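Working notes, structure below.
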């Protein structure tokens, strides 16, 4: 019995420590832990479990769900543990421009190679534009064709013209020019 309360105390201390390095206080981290443990009794969220949770967060598109999952799953093990969950939620809801730019990069890096190709980004942007057309035709028309956005982004960000964006290139450009994140309707 003493062991059980000792484990609970250790667990509480670990949960409390998760607030460091996030934009949450201890109470908010505990609330997130309750939510997380309700969705992930094994201690990790699989892609399927995350898809169910993302529905409650208002994310209904499978590709967008996968993009967000990839950004949360920083160690690329195919599941999201509580530390990854807290970090992802912290960045999405209260992150700095730099954190949000890096998070957005990881969302767009579908191959999880540490770089984004022009072709890969065009596929994603085309899909996102189609979602936008389904929701708001006027906004989609204001943006112009997906090719123009991707060409503009690469012209501004791909300084070595190799056809790939790195996380550092993307973060620097997105912080300098916030319309990059806005154009992709990320934050």
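Structural remarks
- Selection count, the range 158-168, where residues are under 19 Å from residue 126 (Cα atoms) and buried (at least 16 other Cβ atoms within 10 Å of the Cβ): 2
- Of note, residue 90 does not satisfy the criterion of being in a helix (DSSP H, G or I), surrounded by 15 or more Cβ atoms within 10 Å (Cβ to Cβ), free of Cβ contacts under 8 Å to residues at least 24 places away in the same chain and out of contact with any strand residue (DSSP E or B) (no Cβ under 9 Å at 6 or more places or on another chain).
- In the range 24-38, the residues that are assigned by TED's automatic domain parsing to the domain that holds residue 57 form Cβ pairs under 6 Å with partners that are assigned to a loop (DSSP other than H, G, I, E, B), at six or more places apart or across chains, as follows: 25/19; 26/19; 29/18; 29/19.
- Unique match (being crowded, with 21+ Cβ neighbours inside 10 Å and in the same structural domain as residue 178 (by TED's automatic domain parsing)) among 103, 85: 103
- Test set (1) more than 22 Å from residue 68 (Cβ to Cβ); (2) in contact with a strand residue (DSSP E or B) (Cβ under 9 Å, 6 or more places away or on another chain) - residue 26 fails condition number: (2)
- Residue satisfying condition, being loosely packed, with under 15 Cβ neighbours inside 10 Å and touching a strand residue (DSSP E or B) at 6+ places or on another chain (Cβ under 8 Å), within set 38, 78, 43: 43
- Single unsatisfied condition, residue 165 versus (1) within 25 Å of residue 74 (Cβ to Cβ); (2) in a helix (DSSP H, G or I); (3) modelled with pLDDT of 90 or more: (2)
- Within the range 42-59, the residues that satisfy the criterion of being at pLDDT 90 or above and either outside any helix (DSSP H, G or I) or not assigned by TED's automatic domain parsing to the domain that holds residue 86 (or both) are 42, 43, 44, 45, 46.
The values are calculated or read from the model by the stated rules, or taken from the named source; none is laboratory data. Source: prediction; values computed, not measured. Methodologically, a virtual Cβ is constructed for each residue, glycine included, from the backbone with ideal geometry; neighbour enumeration extends over all protein chains shown.
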